[in-house]
1. If we scan the range 21-29, do we find a residue that is part of a helix (DSSP H, G or I), free of Cβ contacts under 8 Å to residues at least 12 places away in the same chain and either among the hydroxyl-bearing types (Ser, Thr, Tyr) or in contact with a Phe, Trp or Tyr (Cβ under 7 Å, 6 or more places away or on another chain) (or both)?
2. With the structure loaded, tell me whether residue 84 is touching a residue at least 24 places away in the same chain (Cβ under 8 Å) and not in a loop (DSSP other than H, G, I, E, B) or whether it fails that test.
3. If you take the residues in the range 56-88 that are surrounded by 10 or more Cβ atoms within 10 Å (Cβ to Cβ) and aliphatic (A, V, I, L, M), which one is nearest to the chain's Cα centre (by Cα)?
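The values are calculated or read from the model by the stated rules, or taken from the named source; none is laboratory data. Note that this is a predicted model, so its numbers are computed, not measured. Cβ placement follows ideal geometry from the backbone for every residue including glycine, while neighbour counts extend to all protein chains displayed.
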Amino acid sequence: MTDFEAAAQCTIDHNRRLWASRRFLAEQAAAHLDDAAAILAEIDDEWEAMENNHARLRHHVRRLQQKLATDDKPLSVGERFDIITRKK
């Protein structure tokens, strides 16, 4: 093998290692993207649940405010808690 052929073979081997390394890194990146997508989906679900809880709490607070506005006698803390936490 001549020096030129040896240099060419060295370059070919080096390029094969580079492509193998790139392929490995691409697979790793794809796995991380899948993980990130799963985490974002979980965050989205938790955010939706938080928004639903917030809406439900606003509804119960409005009910309490209406009850307080229409009642002649003041409500105890326990009665207020019951109004807020009652499910309807």
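1. yes
2. In short, yes.
3. 57
Every residue, every condition in (1) over 30 Å from residue 81 (Cβ atoms); (2) at pLDDT below 95, yes or no:
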{"site": "27", "(1), (2)": "yes, no"}
{"site": "37", "(1), (2)": "yes, no"}
{"site": "41", "(1), (2)": "yes, no"}
{"site": "50", "(1), (2)": "no, no"}
{"site": "56", "(1), (2)": "no, yes"}
